[in-house]
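The values are calculated or read from the model by the stated rules, or taken from the named source; none is laboratory data. From a predicted model like this one, the values you see are computed outputs, not experimental measurements. Don't worry about glycine lacking a Cβ; one is built from the backbone with ideal geometry, like all the others, and counts go over all protein chains shown. Please note that ligands, DNA and RNA were not included when accessible areas were found on the heavy atoms of the full protein model with its side chains. Shrake-Rupley method; radii C 1.70, N 1.55, O 1.52, S 1.80 Å.
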Amino acid sequence: MKSLAVKTLAIAVLLAGVGSEAAWAAESLQDVMKRRGLSQQDLMAAAKTYTPSGKRDEFLAFSSGGQSGQVLVYGIPSMRILKYIAVFTPEPWQGYGYDEESKAVLKGGQIDGKDITWGDSHHPAISETQGQYDGQFLFINDKANPRLAVIDLRDFETKQIVANPIYKSDHGGAAVTSNTEYVLEAAQYATPLENRKFYPLEDFNEKYRGGMTYWKFDRQAGRLVPEQSFSVELPPYGQDVTDAGKGPSDGWSFTNSFCSERYVGGIEQGRPPFEAGCSAKDTDYLHVINWRKAAELVAQGKAKKINGHNMLMMETAVKEGVLFLVPEPKSPHGVDVTPDGKYIIVSGKLDTHVSVFSFDKIQAAIKAGKFESKDPYGIPVIGMQDALHAQVQLGLGPLHTQYDVKQCVAYTSLYVDSQVAKWDYCEGKVLDKIAVHYNIGHLMTMEGDSVNPKGRYLVALNKLSIDRFNPVGPLHPQNHQLIDISNDKMQLLYDMPLPLGEPHYAVAIEAAKLKPGVRYKVGTNSRTDAQHPGRVRAGEERTERKGNKVTVYGTLIRSHITPEIIEAEIGDEVTINLTNLERAEDETHGFTVSTYNVHASVEPGKTVSVKFKADKEGVYPYYCTEFCSALHLEMQGYLLVKPKGWKATKKEIAKAAYTQADYQATLKTIVDTQAVIDSVVAFITSTNYKDFPDVVNMVEDATDQLGKIPDAKSRHEAAAAKQDWEHANLWAEQVYQYQVKAADIGLRAKTYLEQNGAKKLK
Ligand code: CUK
Ligand code: CUA
């Protein structure tokens, strides 16, 4: 077995040097095009999206995961999915909801003291500095259970979930203000403000309310601060999508509404249905809020406390001049501020136009006190014509708008027409249209809602895929379609099925702006960014018992879990803290104890804990759940849950009958393996490997492994001196294990150098 392994290593060393220009190219490009029925247009699309092995994407998209309550990360233009970030919903791979640290994050999202184990995520937003994406944080809302989450883009992990103290559902948000002072969250369906308080639907106009919440963000801490957050009370108009002002309109926010009719349904009682009652009027209201002034008023103590939360009541908001309404065409949906901050583009689902409102005109009307009326709550209403810059007929069911790097150029999704319209909002004219498949909701251009859109690509987030993919049953994947927008005519490039939920919105950022870490500082609780009290270094591992609490301070490093045996008595509460001591990139270990429903993903440097009650007697294997090394399967241990008062017997653990010959054979293997290692080391050190930080890391890691050899070596030699062939052989075996790990990393480094053009040093 062992000599076979050595041979395998040696062959790998030889093979790594062989060139790859074998004669496989029997088919010509024309042959392949013919065989697969590809057109020149297809080839062009392929050339624009194909990303060769090892090459990276220009942009990263963060897409809502819809009903999965997660966030998806994919590359553009390759459309390769890179990660699902666990946010509102337990997610086993990342141990999210199965380890103690992530449970604490999910607990932040409890409502009325209860866990909510799913979320309907809609709108992701990247943190901004002066209106530009800065790539530090990502926010996303949960519409079903009004919550917001904070994801840190240093490690792509969810750090915080907050539940809205006022609403029962939300929709308009997450959106950020220009310097991420606040993260916005608008209510959706109006409900009574006080929690767990019943008012009949007859009291709808008086007791039911919407609102607009401004969550204060502490960038230094990377957390939302509930005590410094506030809401503005709004009428029960069914608030919808929201955007924050920028540039000249910074300090203001804009929120649509879709049921200013205040209709409460009741088809069972013989009344017309919701959809008729909520779309009866020709117009709804755009809410225009001076949030900066509202924040000052709250600071001056002018807010009321409702459910312990600062709420600026409508009466105060109107009196102080922070809240205004503008009529907007029938059942609007998207509201999108232009990159220059001068216009607010609103699309009405039931209107074929997009309405371009002018921030200047709105301000002029407010300054002049020119209002056409007041709504039933006394909120001043600015005349639509006094606020409009233009209306442009685009097509059926316009929903959302994004912007191009080119001045005045916008893209609007047409839900009913299944098209994207490219148009000029300054001149008010249509430039181009393209069909998408099918029924597009949001669309997204690169950094397309920042002050500085990057153009290049557009993604259509289609609601239906119908016939676009191989059928997989009645529930179809969603379809994200990549469109090239760098030329006058839009070109459809690629269809990506998204099989996780219905993503509503996505945002994309230049990949170069993101600087995620590859490892944690050893002993980090990744959910709080603080040092974990359960962390230990190598050699400090221990198990402590206090009363019926058993606490393990363990470590993980290829291919070993310390401790290997955990003893508990039935009824004990067991906490297992694990620190991954690896420094090598991507050397994650997973951890589970069978049948106890715990799981942790422990990336290099991280400390994670799992906790459970040992409520059943028995023997439960625990093991590493990531195939981390050649001896991954051996990365195991036993949890022994003993009956109360169990007395150990004197029996020894069964011995294997190893002989001196076995020991000698192992020593021979060690010598052979060392020759392989030496050849790899000779290769690496003959190159300019120090110019490759990744290789330097690998070399460090391999050196680490080799550094453990002297201790094991002295042990096998000491045992051999006592003719204890079992321990002599097994400790020699351990030396070999360290060698294998070092050789494994060394070979990876060698391959890397060969593929990345390392130079031979003279
Ligand atoms: S919403 Cu779903 S298509 Cu939640 Cu922004 Cu418009
Ligand atoms: Cu660690 Cu498998």
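Can you give me the distance in nm between label points at Asn205 and Leu631, each placed 7 Å from the Cα along the Cα-to-Cβ direction?
Label-label distance for Asn205 and Leu631, simple model: 7.8 nm.
Which whole-number percentage describes the relative contact order of the range 393-509, with Cα contacts under 8 Å and a sequence gap of 6 or more?
Contact order relative to length: 20 percent.
What lysines does Lys651 reach when the alpha-carbon gap must be under 30 Å and sequence neighbours fewer than 8 apart in one chain are set aside?
The qualifying lysines are Lys546, Lys549, Lys613, Lys616, Lys642, Lys713, Lys722.
When ligands, DNA and RNA are left out and all protein chains stay put, how many square angstrom of accessible area per residue does the range 660-755 have with a 1.4 Å probe?
Per residue, the range 660-755 has an accessible area of 48 Å².
Probe of 1.4 angstrom, ligands and nucleic acids ignored: what's the accessible area per residue over the range 24-147, in square angstrom?
46 Å²
Per the Cauchy relation, a quarter of the hull surface: what is the mean projected area of the convex hull of the alpha carbons in the chain, in nm²?
41.0 nm²
Using only Cα atoms, what Kirkwood radius does the range 265-333 have, in angstroms?
Its Kirkwood hydrodynamic radius stands at 14.6 Å.
Say a paramagnetic label sat at a point 7 Å from the Cα of Asn179, along Cα to Cβ; which residues of the range 244-272 have their backbone N under 12 Å from it?
251
What figure, in Å² to the nearest 10, do you get for the accessible area of Arg271 with a 1.4 Å probe and non-protein molecules left out?
Approximately 90 Å² for this residue.
In the range 529-577, which trypsin sites (Lys or Arg not before Pro) are in a loop and have at most 12 other Cβ atoms within 10 Å, using DSSP for the loop call?
Of the trypsin sites (Lys or Arg not before Pro), the ones in loops of the range 529-577 whose Cβ has at most 12 other Cβ atoms within 10 Å are Arg537.
Each label point is 7 Å from the Cα along the Cα-to-Cβ direction; what then is the distance between the points at Glu372 and Gln130, in nm?
Those two pseudo-labels are separated by 3.9 nm.
Order Glu540, Glu275 by their accessible area, 1.4 angstrom probe, all chains in place, largest first.
Ranked list, largest accessible area first: Glu275, Glu540.
Where in the range 290-375 are there GluC sites (Glu not before Pro) that are in a DSSP coil and have at most 16 other Cβ atoms within 10 angstrom of their Cβ?
Sites meeting the loop and neighbour criteria: Glu320, Glu372.
Relative contact order for the range 524-642 using alpha-carbon pairs under 8 Å, separation at least 6, rounded to a whole percent?
After rounding, I find 27 percent.
Taking a 1.4 Å probe, which of Lys159, Lys647 shows the most accessible area, and what order do the others take after it?
Lys647, Lys159
So if we plug the beta-carbon distance of His353 and Asp691 into 1/(1 + (r/R0)^6) with R0 = 60 Å, what FRET efficiency do we get, rounded to 0.05?
So the FRET efficiency works out to roughly 0.55.
Helices from the chain with mean Kyte-Doolittle at least 0.0 and a Cα length along the axis of 24 Å or more, per DSSP H: which?
660-685
Please report the relative contact order for the chain, taking Cα pairs under 8 Å with a sequence separation of at least 6, and give it as a percent rounded to a whole number.
9 percent
Past the 28 Å Cα-Cα mark, which pairs from Lys367/Lys429; Lys293/Lys361; Lys159/Lys611; Lys55/Lys690; Lys521/Lys611; Lys168/Lys216?
Where the Cα-Cα span goes over 28 Å, the pairs concerned are Lys367/Lys429.
Counting helices only, and only those DSSP H runs with n ≥ 4, report the 222 nm mean residue ellipticity of the chain as the sum of -39,500 (n - 2.57) divided by its residues, in deg cm²/dmol to the nearest 500.
That comes out to -6500 deg cm²/dmol.
Given a Förster radius of 60 Å and the C-beta distance between Ile466 and Glu726 as r, what FRET efficiency does 1/(1 + (r/R0)^6) yield to the nearest 0.05?
Efficiency, rounded to the nearest 0.05: 0.35.
Ratio of the range 293-388's C-alpha Rg to 2.2 N^0.38 Å, to two decimals?
1.22
Would you mind pulling out the separation of the Cα centroids of the range 300-328 and the range 134-180, in Å?
Centre-to-centre distance over Cα atoms comes out at 22 Å.
Excluding the sites themselves, what is the longest stretch of the chain that contains no chymotrypsin sites (Phe, Trp or Tyr not before Pro) in a DSSP loop with at most 11 other C-beta atoms within 10 Å?
With chymotrypsin sites (Phe, Trp or Tyr not before Pro) excluded where exposed in loops, the chain gives 199-626 as its longest stretch.
For the pair Asn756 and Glu540, what calculated FRET efficiency results from E = 1/(1 + (r/R0)^6), where r is the Cβ-Cβ distance and R0 = 51 Å, to the nearest 0.05?
0.85
Accessible area, 1.4 Å probe, largest first: how do Thr316, Thr528 sort?
Sorted descending by solvent-accessible area, the residues read Thr528, Thr316.
Out of the GluC sites (Glu not before Pro) in the range 626-701, which ones are loop residues according to DSSP with at most 16 other C-beta atoms within 10 Å?
Filter output for the range 626-701: Glu652.
Taking the C-alpha atoms of the range 660-755, how large are the radius of gyration and the largest Cα-Cα span, Dmax, in Å?
According to the Cα coordinates of the range 660-755, Rg and Dmax are 15.2, 49 Å.
Report the label-to-label distance for Arg196 and Glu564 in nanometres (one decimal), using points 7 Å from each Cα along the Cα→Cβ vector.
5.2 nm
Would you mind telling me the share, in percent, of accessible area of the range 524-642 contributed by carbon and sulfur at probe 1.4 angstrom?
C and S atoms contribute 49 percent here.
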